[in-house]
Amino acid sequence: MKFPNLRLHETQAKLSIILAVFGFGLLGILGVFVFKNFNFDNNVIYVGTKGTFGKIRQPGVFGFTALTLVVTAIGALLGFNSLGQKRNKKQSFSWIGLFAGATIAALAVVFFIAWTNLKEVVL
C-alpha cells in the first residue's frame with residue numbers, strides 16, 4: 001500500500017477535508033453521549049450508573065472529546081498549512097478544511113463544557 005505524499009499541498013487539502021468529515025462524525029457521537037437524558041424544563045443532563053450507557057458514559061465523553069479535538073486540530077492545521085501555496089490548485093479545499101476543523105473543534109469544547117456544567121447525578 002502506498003501512502004499519500006503529505007509534502008504535496010493538494011494532498012494536505014484533501015486530507016484536511018477528510019479529517020473534518022471524520023471529526024463531524026465523532027462530534028455526532030459525542031453529542032449523543034453528552035445530551036442523552038437532557039431535561040429541557042430544568043436544563044440539566046441526568047447521569048446515572050444504570051441505563052443505556054451506564055458506567056461508560058463519562059469516560060466516553062472524555063475520550064470522544066479528546067479524539068474529536070485531535071482529529072479536527074490536525075485537519076485544521078493541514079488546511080492552514082496548504083493555504084496560499086502556489087502549487088496548490090485546490091485552495092477551496094484548504095479553506096473548507098480549515099474552517100470546518102476549527103468549527104467542529106469549538107463545538108466539541110462547547111459540548112464538553114455543557115457536560116461538565118449541566119450534569120446531575122441520579123442514583
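No value in this document is a laboratory result; all are computed from the given coordinates. In this text, all values refer to a predicted model and were calculated from it rather than measured experimentally. FYI the Cβ positions are ideal-geometry reconstructions off the backbone, even for glycines, and counts take in every protein chain you see.
Structure values in brief
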| quantity | calculated |
| --- | --- |
| Any hit, the range 87-98, residues being among the basic types (K, R) and either without any contact (Cβ under 8 Å) to a residue 12 or more places away in the chain or surrounded by 21 or more Cβ atoms within 10 Å (Cβ to Cβ) (or both) | no |
| Selection from the range 63-76 of residues that are touching a residue at least 12 places away in the same chain (Cβ under 8 Å) and over 9 Å from the mean Cα position of the chain (by Cα) | I74, G75, A76 |
| Residue identified as free of Cβ contacts under 8 Å to residues at least 40 places away in the same chain and either among the hydrophobic types (A, V, I, L, M, F, W, C) or under 27 Å from V122 (Cβ atoms) (or both) among G60, G48, G31, G25 | G60 |
| First in the range 1-16 and hydrophobic (A, V, I, L, M, F, W, C), second anywhere and in a helix (DSSP H, G or I), Cβ under 7 Å, 6 or more apart | L6/Q12; A13/G79; A13/F93; A13/S94; A13/G97; L15/L78 |
| Residue count, the range 54-73 (criterion: surrounded by 18 or more Cβ atoms within 10 Å (Cβ to Cβ) and not hydroxyl-bearing (S, T, Y)) | 5 |
